[in-house]
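Below you'll find the structure, written out as structure tokens, and then a few comments.
The values are calculated or read from the model by the stated rules, or taken from the named source; none is laboratory data. Quantities reported herein were computed from a predicted structural model and do not represent experimental measurements. FYI the Cβ positions are ideal-geometry reconstructions off the backbone, even for glycines, and counts take in every protein chain you see. Heads up: the accessible areas ignore ligands, DNA and RNA and are worked out on the full protein's heavy atoms, side chains in. Shrake-Rupley method; radii C 1.70, N 1.55, O 1.52, S 1.80 Å.
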Amino acid sequence: MTDTRLDEISIGPLISIDGTILEEGNTIVTDTPDGLIALMTYKHIDLGGRVSSRILGYSIDALWDQYYTKLLDSTGVNSLAAAHDYLAALGANNTLYIGYFSTASSFSMFPYPTDADTTLGPLMVDLDRDDTYETVFTTDRELLIFSSDGTYERTSLPDEPVGSPVAADIDSDGYPEIILCTTRQVYGFRTGGILVENFPFDLPPGDDNETITSPPVVVDLNNDGKLDIACATSNMRLVSFDPSGYPTPGFPMTISGTVSSSPCIFKLSGSGDIAVAYITTDGRLMAHDLMTTVEDELYQWPMWKGGPELTSAFMNSKITSDVRTSAPFEAFCYPNPITGSFGTFRIIPSGPTDCSITVYTADGNKVFDSYLSQNEIIPGVANEVRMNATNLSSGLYIAKIKTSQKTIINKCGRELIKWIGFEGEFEVKSEKVAGADRKVIYIK
């Protein structure tokens, strides 16, 4: 373990106290007062995210001269992410800007204002593996996922996010997931803002007042062949979870101070073991040898902005698992009964399919209808459709979910209506989903 105060030295070729550029190499981005982003050939690495807000990292292949892009209506740049030549930036006015690099200094990015007081991110990730990267960021209590054409999806969060969202293929299905921390839980989301199975994760038992204080890192921390998600807490602990939400063996571990920036998992040059480094809020750089090795493919988001290139992008090349194309078929509505403003239909198709969902009252009146084409459905993983239930009165409803593989009839209640099972030719199954009872009726 090392214990060095940052007010005494600069950290070698990594970063100085004030975030100045120290070594020629890849690329960094500087923000000028007029909103012009210029890319120049320098190297900039930061262990804990302590960096001048006017220095933003990015690495691009075959960077010859300078690339420019202008942020329209920008009051400055807070952070950015880049995948190949595609760029996203969050302005100091909490506006998202997305666009492409150009050698023409007149090129502009497109602004998408938010009404949020705080924005964290951005992150670039290809959630549906169509080779087009989405832009992800959080606001005060929302997760937003923007497509390149400016359309977006938003998911509510029950608590304030802590640090920027990150990405990894946490369940080895070939699709990356968004991983983010709130003050008390760790969340995983798929494309469309769909919650990943087993998430969210709660902090290990101990102190009910303990909160998460840092964004997560995602690395195999105990060499068991599975990714782990680690973050710091207010009780000076580094907690870590496996993909099922169980504590990683050897964790929580005690750390030497409060940590609000991202930890860094790095490889020791001598032994090849991995170690964790972090910067405490009182200015100490600490490092602990974890005394284990890790395969490169399980070293997916080890530090602030994802890696030393500081792109804040999770590239498809980091995913080594094959894309999942089949899974046991499932389709149901949750919660059941529906108690809030929305009900959600989850469909896991066993293969390529389109999908239609129609909901009727008990006396046959149609109250909801939705259709997803085959291009909009990802086989083998969870897909979801939300139904606005604000105008649905208390009672019993019949949902017909039709795919190429099966047609399923759901009986779902509104508010406190209980399930009433079918009889005769229908097969009825009952189980718990998201803490609520559901019964699925299969047509033979």
**Q.** SER317 vs. criteria modelled with pLDDT of 90 or more, assigned to a helix (DSSP H, G or I) and surrounded by fewer than 18 Cβ atoms within 10 Å (Cβ to Cβ)
**A.** yes
Q: Enumerate the strands (runs of 3 or more DSSP E) found wholly within the stretch 120-217, keeping only those where 2 or more residues are within 19 Å of GLY306 (Cβ to Cβ) and not β-branched (Val, Ile, Thr).
A: 120-125, 134-138, 142-146, 161-168, 177-182, 185-189
Q: Working only within the stretch 223-245, note down all residues that are open to solvent by 10 Å² or more (accessible area, probe 1.4 Å) and in a loop (DSSP other than H, G, I, E, B).
A: ASN223, ASP224, GLY225, LYS226, SER234, ASN235, MET236, ASP242, PRO243, SER244, GLY245
Q: Would you mind telling me which numbered condition in (1) out of contact with any Lys or Arg (no Cβ under 7 Å at 6 or more places or on another chain); (2) modelled with pLDDT of 90 or more LEU310 fails?
A: (2)
Q: Return yes or no: is GLY307 without any contact (Cβ under 8 Å) to a residue 12 or more places away in the chain, over 16 Å from VAL381 (Cβ atoms), crowded, with 19+ Cβ neighbours inside 10 Å and under 24 Å from the mean Cα position of the chain (by Cα)?
A: yes
Q) For the stretch 246-296, list the strands (runs of 3 or more DSSP E) that sit wholly inside it and hold at least 3 residues that are farther than 25 Å from TYR187 by Cβ and touching a residue at least 40 places away in the same chain (Cβ under 8 Å); which are they? A) 284-289
Q) Can you name the condition, by its number, that TRP301 falls short on among (1) free of Cβ contacts under 8 Å to residues at least 24 places away in the same chain; (2) surrounded by 15 or more Cβ atoms within 10 Å (Cβ to Cβ)? A) (1)
